[in-house]
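Report on the following structure.
The values are calculated or read from the model by the stated rules, or taken from the named source; none is laboratory data. Here the structure is a predicted model, which is why all the values come from computation and not from measurement. Cβ placement follows ideal geometry from the backbone for every residue including glycine, while neighbour counts extend to all protein chains displayed.
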Amino acid sequence: MELEVWLVYGWATLVDVLTQVWYKLCPPSQPTATCTTVTPAFMRRLLNLDPTAPLTVEQGALSENRGLSNNMQSIDVQIDGVQHRFMLKSNMVGQRRVRAMGIFFNVTRESRAYTFLEQRNMDLSPKMIYANASAWTGSSCIIMERLGPDGICGVNMYFGNQCWGVPPFAPGAERPYDQVARAVMEAQARLHASDWCNPALLHGSEFSWLKSQGWYTGHGRSQWQAGFEATANSWQRIRKDLANSGTKWDPKLVALIDASMAATTWDSVQAFLRGAGGQVFSIVHGDCHASNMLYDLQRERVVMVDWSELAVWHPMTDIGQFMISDVTVPVRRQHEKAWVRHYWEQLCANGVQDYTWEQCWQDYRERSLERWILMLVLLVGMPLPPVAKQYFHDQVAAFAQDHAADVQSILLGPTISILSSALEG
């Protein structure tokens with residue numbers, strides 16, 4: 001496993017050097033992850049405009065971006081005095097470990113996800129108008145419509161996104177968060193219901209690009225191992241000096257993480273999936289938190305961005321990630337059962353059958369922590385502000401106290417594709 005990771009890293013280093021040399025000799029005429037410049041000539045070709053049409057392009061950093069591993073830019077295009085808004089997203093392949101991560105974890109998934117969602121008319125994402133992505137080079141650059149500012153507000157505005165500080169006021173942010181949370185549940189239900197327990201998700205070649213599909217049939221061990229080992233190594237480093245980690249750890253949560261790490265192996269995950277029986281599965285967003293969601297005030301609907309983790313897995317991991325990431329403990333305790341009930345009702349309205357409310361609530365309690373235990377370890381091991389690390393810890397600890405007080409360990413599945421810890425460790 002370690003050899004495979006370093007072979008990928010070596011290939012990424014070679015590609016990075018060759019790309020820099022090639023671009024100096026032949027500057028690209030269209031945006032790439034390495035050279036993200038958007039020219040008026042390129043936009044004319046992309047939008048199929050008259051070459052003589054008056055057009056200006058202004059490109060800059062996207063001020064509302066709070067992502068950890070991607071470059072986000074705004075693109076404002078003036079055509080005959082009318083402004084058109086777009087945003088460019090690229091992975092930061094100038095960092096070779098990011099390029100290696102893109103190769104190892106299939107960086108093309110996000111551009112394929114936008115095409116997939118548009119073909120299905122799911123109305124869950126902005127429209128993508130350009131993609132330049134390659135699994136061979138680990139690079140991705142996409143351009144999509146930029147929604148707002150009129151009538152659009154980031155969902156994180158409603159919940160405060162407390163770990164980064166309360167965002168500036170935005171139009172519509174005074175709306176009740178209960179209304180917005182229900183819209184989040186409705187969007188998730190539409191996504192999850194679209195292929196609810198569809199056997200083709202596990203075996204169909206048309207879904208082979210989805211993260212974790214192969215795990216259900218015993219394939220993709222190297223990708224799973226890389227993600228899990230990155231997390232396990234990070235936890236070992238944190239665990240050695242827990243008192244000086246900068247985070248005040250809850251002893252019960254530490255014990256739960258210890259036991260979960262020890263209980264999780266490729267073989268135990270395989271045994272769990274093969275003995276799934278009545279377990280449900282669906283397409284899941286995979287990184288379902290409020291900063292990846294936008295609320296349309298006029299239509300009272302939520303659209304989502306950052307589809308790079310689109311996967312086949314248990315749908316409740318999406319719901320749990322949203323609840324733990326963004327909803328303060330008092331608000332969650334007051335509303336979570338009503339919100340999860342609304343999600344279940346929307347599943348039923350979208351055609352899901354043979355899934356009772358009792359099973360839905362039990363799944364929420366049992367599966368919500370799975371993704372966040374892995375994410376907590378990765379985030380605490382990253383150079384984030386101490387207040388952010390403590391916030392995430394406290395959110396996870398409170399959920400575990402409320403719903404997993406008697407649980408000895410949790411079998412851990414997919415983690416967000418952060419390979420930097422494995423490559424630096």
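Tell me, please, whether a residue that is more than 22 Å from the chain's Cα centre (by Cα) and surrounded by fewer than 23 Cβ atoms within 10 Å (Cβ to Cβ) can be found in the range 304-312. No, the range 304-312 has no match at all. Within the range 1-47, which residues are touching a Cys at 6+ places or on another chain (Cβ under 7 Å) and small (G, A, S)? Answer for the range 1-47, where residues must be touching a Cys at 6+ places or on another chain (Cβ under 7 Å) and small (G, A, S): just A33. If the condition is being within 15 Å of E110 (Cβ to Cβ) and among the small types (G, A, S), then the range 284-336 contributes G286, S308, A311.
Considering only residues in the range 95-109 that are on the phi < 0 side of the Ramachandran plot and part of a loop (DSSP other than H, G, I, E, B), the one that is surrounded by the fewest Cβ atoms within 10 Å (Cβ to Cβ) turns out to be Q95. Counting only residues that are part of a strand (DSSP E or B) and not charged (D, E, K, R), the range 271-324 holds 12 of them. Taken together, the residues in the range 389-407 that are among the β-branched types (V, I, T) and within 21 Å of the chain's Cα centre (by Cα) amount to 1.
Look at the range 381-403: where a residue is without any contact (Cβ under 8 Å) to a residue 40 or more places away in the chain and a partner is part of a helix (DSSP H, G or I) and among the aliphatic types (A, V, I, L, M), sitting 6+ places away or on another chain with Cβ atoms under 9 Å, you get H403/L369. No other residue among I257, I319 is touching a Phe, Trp or Tyr at 6+ places or on another chain (Cβ under 8 Å), within 30 Å of K127 (Cα to Cα), in contact (Cβ under 8 Å) with a residue 40 or more places away in the chain and surrounded by 14 or more Cβ atoms within 10 Å (Cβ to Cβ) apart from I319.
Among the residues of the range 183-202, those identified as in contact with a helix residue (DSSP H, G or I) (Cβ under 7 Å, 6 or more places away or on another chain) and in contact (Cβ under 8 Å) with a residue 12 or more places away in the chain are V184, M185, E186, Q188, A189, H192, A193, D195, L201, L202. Every condition in (1) more than 23 Å from the chain's Cα centre (by Cα); (2) farther than 30 Å from A131 by Cβ; (3) not basic (K, R) is met by V327 except one, and the failing one is (1).
Checking the conditions here, which among P176, P199 is of a type outside the set (S, T, N, Q), at pLDDT 90 or above and surrounded by fewer than 15 Cβ atoms within 10 Å (Cβ to Cβ)? It is P199. Look at the range 203-221: where a residue is surrounded by 15 or more Cβ atoms within 10 Å (Cβ to Cβ) and a partner is at pLDDT 90 or above and of a type in the set (D, E, K, R), sitting 6+ places away or on another chain with Cβ atoms under 7 Å, you get W209/R109; W209/R112; K211/R109; K211/E309.
Listed here are the residues, each with its yes/no results for (1) at pLDDT 85 or above; (2) farther than 22 Å from I142 by Cβ; (3) assigned to a strand (DSSP E or B); (4) of a type in the set (D, E).
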position	(1), (2), (3), (4)
L3	no, yes, no, no
L18	yes, yes, no, no
Y23	yes, no, no, no
S29	yes, no, no, no
T32	yes, no, no, no
F42	yes, no, no, no
L49	yes, no, no, no
N65	no, no, no, no
S74	yes, no, yes, no
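Considering E186, E110, the condition of being over 24 Å from L46 (Cβ atoms) and either among the acidic types (D, E) or modelled with pLDDT under 90 (or both) is satisfied by E186 alone.
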